[in-house]
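Structure record follows, encoded as structure tokens.
The values are calculated or read from the model by the stated rules, or taken from the named source; none is laboratory data. All of these numbers come straight from a predicted model, not from anything done at the bench. Here Cβ is always computed from backbone atoms with ideal geometry, including for glycine, and neighbour counts include all displayed protein chains. For accessibility, only protein heavy atoms count, side chains too; no ligands or nucleic acids. Shrake-Rupley method; radii C 1.70, N 1.55, O 1.52, S 1.80 Å.
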Amino acid sequence: MKRNSKDWGPPYGEKASSLFHRPLIPMAIFFAGGILAAHEIPLRSQVLIAGLFISIAALLVTLLISPPRLRGYVLLLIFFLAGALLIQGKPSTSRLVPLADGQQKGVIEGTVLEPVKVVDGRIGRLTLHATALCLSEETVPLDENIAISVYRNIPDLQPGEMIRFPARLRLFRNFNNPGNYDYEGAMRLKGLTCEANVSNGDRMARMGPGRLPFFRGLVEGLQRPVREFFRNRLDPRNDALFRALILGERQGITPGLREPFNQTGLGHILAVSGLHIGLVAGVAFFLFKWILSRSYRLALSLDVRKLAALLTCLPVIAYTLLAGFQVSSQRAMIMVLAFLGSLLLDREREVWSTLSLAGLIILFLDPNALFSISFQLSFIAVIGILWLAPAILNRLHRLETTPPEKKPARNRLLDYLIGLAAMSAAAAFFLLPVTCYYFHRIPLVSIAANLTTLPILGMWVIPLGLLSAAAVPFSTGIAGFFLQIGAWGLNLLMSITEFWAGLPWSSIWTITPNLFEILLFYFLIFAICFFKRYRWAKIGLAIGVVFILSDVAYWVYTVRFNRDFEVTFLDVGKGNAALVSFPGGKKMLIDGGGFGSGSFDVGEMVVAPYLWHAKILRIDYLVLSHPQADHMNGLRFIARFFHPKEFWYNGDPVETESFKELMEIVAKSEIRKMLPRDLQGEIRINGARVQVLHPGPDMRVLGAKDDSKRLNNNSLVLKITYGDTSFLFPGDLEKVGEEALVAHAGPMIQSDVLLSPHHGSRTSSSREFLQMVKPRLCIVSSGERTALNFPHPAVLERLRDIGCDVLQIAFSGAVTITVRPDAYDITTFVDGRQSSKNRFPGTG
């Protein structure tokens with residue numbers, strides 16, 4: 001259809017029959033498109049950036065002289081280029097990043113920006129505005145925000161305090177596996193340049209009041225008395241929850257407290273965002289409108305709805321300030337104010353334009369917001385509600401013309417609950433591929449949980465919490481009264497949440513969709529919505545179904561019927577985790593990485609996301625080389641949720657909680673336990689040969705008096721051979737264990753690919769052992785390159801002496817080796833993307 005200037009509406013025309021009737025929508029889409037394009041293909045030359053600026057200026061001139069029918073398209077191009085220009089930003093001028101790259105030690109001065117978060121009762125985390133770094137030779141002035149971790153004697157620091165302390169600087173680091181979480185990018189979005197580790201909090205000296213940025217100081221002045229009041233009046237759980245809901249401070253939310261919310265799809269409750277500010281706006285608007293309507297004279301002389309909308313802006317802004325004026329709450333405030341503004345301008349029916357305007361404002365102020373999870377979830381949820389909720393209500397025959405005020409109270413309550421259910425269903429369904437992408441989880445009770453908790457949250461907990469906060473400066477008695485009533489509501493909300501989370505089918509873990517699959521999902525929704533109106537929608541739906549079936553067939557073949565033999569060495573820091581994919585779909589996981597302390601679960605946060613990314617939901621064989629944290633702790637999550645059939649381990653028991661938990665999971669899940677005596681001889685798995693070479697059925701290596709050395713030297717050693725290519729997995733064998741292995745297995749240990757024993761420690765990889773193995777390639781899984789000298793230079797020298805190539809996962813990222821009849825391919829991954837692929841001839 002030929003378009004003219006009228007399609008754009010004023011000032012380009014008066015009528016329209018298409019999307020161009022709402023120009024803000026395509027403007028927002030093109031502006032976001034420009035940001036996305038420039039992010040994926042950054043302009044690294046200042047000349048190119050200057051050319052972009054000149055192009056925008058030229059297009060602005062063209063806009064004034066071009067024919068009316070072309071102006072709309074020129075304007076869209078301007079918005080696209082403007083988005084591309086804004087995302088460029090300024091070159092990094094951080095003075096700490098080069099020092100953090102070398103893990104420099106120094107004395108840091110700065111001002112605390114937020115309360116300390118205590119993790120597992122032993123690690124303190126906070127954010128600092130660093131103003132100086134004292135080195136042995138000089139003092140470097142700074143103006144950067146950094147993250148601080150304190151590992152002992154955590155001080156009770158308050159925002160606004162200036163402190164001085166010795167620390168070691170470190171860069172933020174991702175686990176470089178496909179499907180990984182971009183931790184480095186998340187920290188950049190928060191404005192943090194690096195982190196500093198403090199071994200002992202007693203060495204942090206208080207230097208008096210510091211200088212907070214003006215606006216942050218204003219917010220802290222509002223928050224501090226309320227924070228102290230909550231802490232003194234509430235138990236620790238309710239204090240943590242009220243601080244999250246009212247002050248936007250989630251420092252007290254522990255993993256155990258967060259898990260029921262995640263299971264039930266209520267995790268969004270714990271972060272002040274569009275939901276909370278929208279609830280406050282809705283309650284405030286209703287109350288203002290009701291109060292103003294009591295005055296007959298006022299109702300006649302003024303538009304009560306507009307005045308109520310104007311007054312509602314005040315509590316919305318106040319709540320945003322009280323909640324710390326954080327990025328997510330700022331965006332939510334802009335969205336809500338945009339909708340209130342549309343009501344003031346009699347444009348409340350133009351919800352799509354209003355949403356687009358809010359998006360334009362947010363992205364203009366911060367183009368990087370497009371890549372934040374909170375921005376994506378908020379806008380996609382609202383789009384889903386605006387698009388799908390009316391259709392759901394139509395199906396339920398609840399769209400009636402009877403004014404609400406003329407309905408009985410029971411019918412109004414029923415309408416409210418049905419509307420809430422429709423909005424929850426629309427948002428949950430429309431967000432489905434995005435939540436699966438980020439959280440790998442489908443909460444099956446989400447609609448019921450939202451339906452039973454959001455009314456309590458919006459009409460009880462948050463209003464009473466805000467009333468308590470507002471009363472703190474005037475009367476602690478009144479504030480305490482409001483807070484106690486609000487705490488009753490919070491207890492009820494937690495009971496309901498825990499009930500839904502306690503159901504065995506409350507949520508399921510799921511595979512991670514890729515970008516193509518996410519876009520295909522939304523394309524199908526689009527085609528279904530217009531199926532009856534347009535012929536192209538019917539054709540598009542048929543094409544979409546074909547693509548879905550093709551995608552499913554591809555992944556089923558790749559995961560369950562692939563003929564290749566692959567081994568993927570995952571990046572789990574200083575630890576081991578290797579996935580073996582046998583021809584025909586069988587999967588074996590050898591070790592799962594892990595940390596000796598803290599609540600970070602490598603299995604859930606690192607290993608499982610890679611498996612979900614690869615569309616793997618089952619591990620057939622779970623192998624533990626020996627029961628130490630850096631090999632074992634990540635296996636607990638895998639054993640619980642990936643349905644292994646067999647658990648192979650060396651039989652060494654240890655008195656650690658993580659080992660006991662792992663064995664409880666194995667027993668409860670009825671996983672068959674396999675000890676060395678059960679694994680003798682050659683085990684055939686779909687054409688591959690698996691041999692357990694150490695320890696023998698009745699052989700144990702004591703390894704002196706050191707229990708850790710005994711565990712290391714008793715590591716379960718596997719050799720897996722496919723065709724003419726073999727892999728050796730020696731766990732954490734040290735020299736004593738290597739000698740026992742050589743004496744017992746002899747030439748059988750010769751292998752093409754060796755996983756470096758004990759992460760390249762100087763106590764392992766003895767010259768005699770390496771000469772017997774004769775590896776062509778050695779994989780070293782040792783974490784960061786400077787950590788405890790792993791791998792040791794002497795080990796690297798021995799490997800070079802025998803002509804062995806070395807791949808360090810700390811540098812290369814995850815390594816996948818695919819064995820083919822006449823060769824094997826080595827693929828490495830950095831930032832979750834393939835960085836290199838090399839083919840080596842076979843050894844046949």
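Per-residue ellipticity at 222 nm computed for the chain from its helices equals -14500 deg cm²/dmol, with DSSP H segments shorter than 4 residues left out and the rest contributing -39,500 (n - 2.57). Counting chymotrypsin sites (Phe, Trp or Tyr not before Pro) as exposed when in a DSSP loop with at most 10 other beta carbons within 10 Å, what is the longest stretch of the chain free of them? Counting only loop sites that pass the neighbour cut-off, the longest clear stretch is 1-473. Computed from the C-beta positions of E664 and S495 and an R0 of 22 Å, the FRET efficiency is 0.20 to the nearest 0.05. For the range 560-636 versus the range 742-763, the spacing of their alpha-carbon centroids is 21 Å.
Regarding the range 529-623, what is the average projected area of its C-alpha convex hull, in nm²?
Averaged projected area of the range 529-623's Cα convex hull equals 8.7 nm².
A Förster radius of 45 Å, combined with the Cβ-Cβ distance separating I456 from L218, puts the computed FRET efficiency at roughly 0.90. Using a Cα-Cα cut-off of under 18 Å, which aspartates and glutamates could be cross-linked to K289, ignoring same-chain neighbours fewer than 8 residues away? Partners within reach: D303, D346, E348, E405. Computed 3J(HN,Hα) for the range 277-289, one whole-Hz value per residue from the Karplus formula 6.51 cos²θ - 1.76 cosθ + 1.60 where θ = phi - 60°, is 5, x, 5, 4, 4, x, 5, 5, 4, 4, 5, 4, 5, glycine and proline marked x.
When Rg and Dmax are taken over the Cα atoms of the range 661-781, they come to 14.8, 44 Å.
Please state, to two decimals, what the Cα-based radius of gyration of the chain comes to when divided by 2.2 N^0.38 Å (N = residues).
It is 1.06.
For the range 147-305, the residue among C194, I253, F288 whose Cα projects farthest onto the positive side of the dipole built from Cβ charges is F288.
By its C-alpha gyration tensor, with a ≥ b ≥ c as the square roots of the eigenvalues, how is the range 137-256 shaped: rounded for a/c under 1.5, else prolate for a/b larger than b/c, else oblate? Let's see the in-between values first.
Details: a/c = 1.64, a/b = 1.18, b/c = 1.39.
Verdict is oblate for the range 137-256.
Looking at the range 120-178, the GluC sites (Glu not before Pro) that sit in a DSSP loop and have at most 13 other Cβ atoms within 10 Å of their own Cβ are E137, E138. Were the residues from T131 through Y183 laid out at 0.36 nm apart, the gain over their Cα-Cα distance would be 16.3 nm. Positive end of the dipole of the chain (Cβ unit charges, origin at the Cα centre): among P697, P225, L60, the Cα lying farthest that way belongs to L60. Taking the Cα atoms only, what angle lies between the long axis of helix 409-439 and the longest principal axis of the chain, rounded to 10 degrees? Taking the Cα atoms of the chain, the angle to 409-439 is about 40 degrees. In loop segments of the range 117-191 as defined by DSSP, the trypsin sites (Lys or Arg not before Pro) with at most 15 further C-beta atoms inside 10 Å of their C-beta are R122, R152, R173, K190. If you take all other residues with their beta carbon under 11 Å from the beta carbon of A205, and give Lys and Arg +1 and Asp and Glu -1, the sum is 0. Backbone amide hydrogens, once placed in the peptide plane, bring R820 within less than 5 Å of D825, excluding anything fewer than 5 places away on its chain. Look at the dipole of the chain built from charges on Cβ: of L520, A132, I671, the Cα furthest out on the positive end belongs to L520.
Here the Karplus curve 6.51 cos²θ - 1.76 cosθ + 1.60, taken at θ = phi - 60°, turns the phi angles of the range 366-377 into couplings of 8, x, 5, 4, 4, 9, 8, 4, 5, 5, 4, 5 Hz, with x standing for Gly and Pro.
Per-residue extension of 0.36 nm, minus the Cα-Cα distance of V61 and S45, leaves a gain of 3.3 nm for this segment. Computed with a 1.4 Å probe over protein heavy atoms only, the accessible surface of the chain comes to 48 Å² per residue. Scalar couplings 3J(HN,Hα) for the range 228-245, obtained by applying the Karplus form with A = 6.51, B = -1.76, C = 1.60 to θ = phi - 60°, are 5, 5, 4, 4, 7, 9, 10, 6, x, 5, 5, 4, 4, 6, 5, 5, 5, 7 Hz; x denotes Gly and Pro.
Per residue, the Cα convex hull of the range 198-240 amounts to 135 Å³. Checking the cross-link pairs K615/K668; K660/K719; K117/K586 against a 31 Å limit on the alpha carbon distance flags K117/K586 as lying beyond it. Across the accessible surface of the chain, with the other protein chains kept in place and a 1.4 Å probe, carbon and sulfur atoms take up 61 percent. The three principal axes of the C-alpha atoms in the range 609-651 carry coordinate ranges of 31, 21, 14 Å, sorted with the longest axis first.
What is the calculated FRET efficiency for F561 to F531, with r their C-beta to C-beta distance and R₀ = 41 Å, to the nearest 0.05?
Working: r = 34 Å, r/R0 = 0.83.
With a Förster radius of 41 Å, E is 0.75.
Between W505 and S550, the contour length at 0.36 nm per residue exceeds the alpha carbon distance by 13.2 nm. About its Cα centre, the chain has a charge dipole of approximately 2600 debye under the convention of +1 per Lys or Arg Cβ and -1 per Asp or Glu Cβ, with nothing else charged. Principal-axis analysis of the Cα atoms of the chain puts helix 535-556 at an angle of about 20° to the longest axis.
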